[in-house]
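Have a look at the structure below, then the notes.
The values are calculated or read from the model by the stated rules, or taken from the named source; none is laboratory data. None of the values given here were measured: they were computed from a predicted structure. Here the Cβ positions follow ideal geometry from the backbone for every residue, glycine too, while neighbour counts run over all protein chains shown.
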Amino acid sequence: LCLLPEKYMEFDLNNQGEIDLMSVKRMMEKMGAPKTHLELKKMISEVTGGVSETISYQDFVNVMLGKRSAVLKLVMMFEGKANENNPKPSGPPPERDIASLP
């Protein structure tokens with residue numbers, strides 16, 4: 001939770017207290033999930049409720065802590081925090097048969 005202000009400031013490229021379209025673009029690219037211009041505009045619109053073209057810190061916190069906290073999980077995974085308790089198994093995957101399929 002204490003990482004939220006730092007993350008916000010990292011992507012507030014113009015130091016104006018808002019994350020604009022280019023900043024969201026950079027954030028998504030850095031997380032390995034690049035988006036088109038239209039996708040980015042839609043994301044910002046969803047976050048702000050369509051009332052702004054930039055993301056305020058309060059909007060950012062609401063997204064990170066809200067029900068749709070997938071963005072927070074992406075950030076945490078990107079920072080390597082999510083994998084500290086769940087290391088990936090090594091070696092080949094176990095054999096599967098038809099009965100084990102969902």
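Quick look at the numbers
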item: Some residue of region 41-59 being over 19 Å from Leu4 (Cα atoms), among the basic types (Lys, Arg) and assigned to a helix (DSSP H, G or I); result: yes
item: Index of the failed condition, His37 passing every other in (1) touching a helix residue (DSSP H, G or I) at 6+ places or on another chain (Cβ under 8 Å); (2) loosely packed, with under 12 Cβ neighbours inside 10 Å; (3) modelled with pLDDT under 85; (4) not aromatic (Phe, Trp, Tyr); result: (3)
item: Qualifying residue in region 40-55 (condition: more than 15 Å from the chain's Cα centre (by Cα) and surrounded by 15 or more Cβ atoms within 10 Å (Cβ to Cβ)); result: yes
item: Residue identified as surrounded by 12 or more Cβ atoms within 10 Å (Cβ to Cβ) and at pLDDT below 75 among Met22, Met76, Met28, Met9; result: Met76
